[in-house]
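Here the structure is laid out as structure tokens; the discussion comes afterwards.
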Amino acid sequence: MATAVFHRAVGTLQSCQLHYNSGVHDSGNFLVRLVPKPFIVDIRLSKRGNYGSGERKFCVIQASTSSTSVSDPVSCPSNNNTRESRKKSNEAALILIRHGESLWNEKNLFTGCVDVPLTRKGVEEAIEAGKRISNIPVDVIYTSSLIRAQMTAMLAMTQHRRRKVPIIIHNESEQARTWSQIYSEDTMKQSIPVIAAWQLNERMYGELQGLNKQETADRFGKEKVHEWRRSYDIPPPNGESLEMCAQRAVAYFKESIEPQLLSGKNVMIAAHGNSLRSIIMYLDQLTSQEVISLELSTGIPMLYIFKEGKFIRRGSPVGPMEAGVYAYTRGLALYRQKLDEMLH
Ligand SMILES: O=C(O)[C@@H](CO)OP(=O)(O)O
């Protein structure tokens, strides 16, 4: 049994300090979620915790401190979680991938929140994207709740050299949580949590969903349709503007994903043209004018380095053998070198 004092409590993922009954202190990053059972640790929230003080039950689903037994044989320097090293390196990779081609992309239909799978070409794009990021560390994956983003994330991870297993976290009910528990710490170490969030879904396209893009332009005029598709604050009929989409996607990014990066976790997000455009607008500090010309291709990963609270855009890894990508930071170069040593 352990008691944890929370220093930061954002969303369901926390940085915390564990105070064992023995008096041993253990600080670091723990993926935790509110569940009554099983694998309960008794956690006491400090007054500083955003959830308020008092006792709550949490379940530790992944721990990554140097002093727990959970350690990655290829531990990336960015995951070396002593306070000192975090201050020094404080660096994490952020990969963004727009899903591969979907069956409605192929048919040129407005898709929005309609849950359409990938085409064969989309599957190939996702695999190709996976090759490009196969030497970049991934500790946690976020996807939208739509199958095309989830397929893309899973297919991309089949190519990763670290060979960890991406596992979708089921938090939708207590039974789902209980029934999807893993009872081996070793197996847990070889897993990557995949968190599906509706907030990362494609913008809701309203009454354009299912319509052909060309036919809609012929009917309403090219300019009007371009305005609906690319402007910042003009919504399509009964749908979301990019601004409305940003209100949920960027809020989720700030509340749930940024704390992970801050704690040194390497994150991959598989999402959509417009939910990612809104996140990139935030990362690159684009204006509402600049975002109009931002277009994202399907299945091309984009790499950012999060360092000292800033996002540094590194473009797209060109290919698995592209040396330049891995020389971007010492952390990435070392991670790749360790993979080489482990796999040869
Ligand atoms: O149809 C959609 O949902 C989106 C993305 O494919 O289209 P658009 O190119 O208008 O952003």
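The values are calculated or read from the model by the stated rules, or taken from the named source; none is laboratory data. Computed from a prediction, not measured in an experiment: that's the story for all the values here. Neighbour counts are summed over all protein chains in view; Cβ atoms, including those assigned to glycine, are modelled from backbone coordinates with ideal geometry.
Here are the numbers for the structure shown:
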{"item": "Filtered residues of region 179-206 (kept if more than 26 Å from N266 (Cα to Cα) and within 12 Å of the ligand (Cβ to nearest atom))", "result": "M204, Y205, G206"}
{"item": "Search result, residues across region 283-305 that are under 15 Å from the mean Cα position of the chain (by Cα) and at pLDDT 95 or above", "result": "L283"}
{"item": "Flag for S173 being of a type in the set (S, T, N, Q) and either outside the structural domain of R330 (by TED's automatic domain parsing) or free of Cβ contacts under 8 Å to residues at least 40 places away in the same chain (or both)", "result": "yes"}
{"item": "Any hit, region 128-137, residues being among the polar types (S, T, N, Q) and in contact (Cβ under 8 Å) with a residue 24 or more places away in the chain", "result": "yes"}
{"item": "Condition met for Q209 (away from the ligand (no atom under 16 Å from the Cβ) and at pLDDT 95 or above)", "result": "no"}
{"item": "Helices (runs of 4 or more DSSP H) lying entirely in region 144-202 (those with 1 or more residues that are under 26 Å from Y335 (Cα atoms) and modelled with pLDDT of 95 or more)", "result": "147-157, 185-189"}
{"item": "Any hit, region 201-208, residues being within 30 Å of I167 (Cβ to Cβ), out of contact with any Asp or Glu (no Cβ under 8 Å at 6 or more places or on another chain) and not aliphatic (A, V, I, L, M)", "result": "yes"}
{"item": "Selection status of K213, in contact (Cβ under 8 Å) with a residue 12 or more places away in the chain and over 23 Å from L118 (Cα atoms)", "result": "no"}
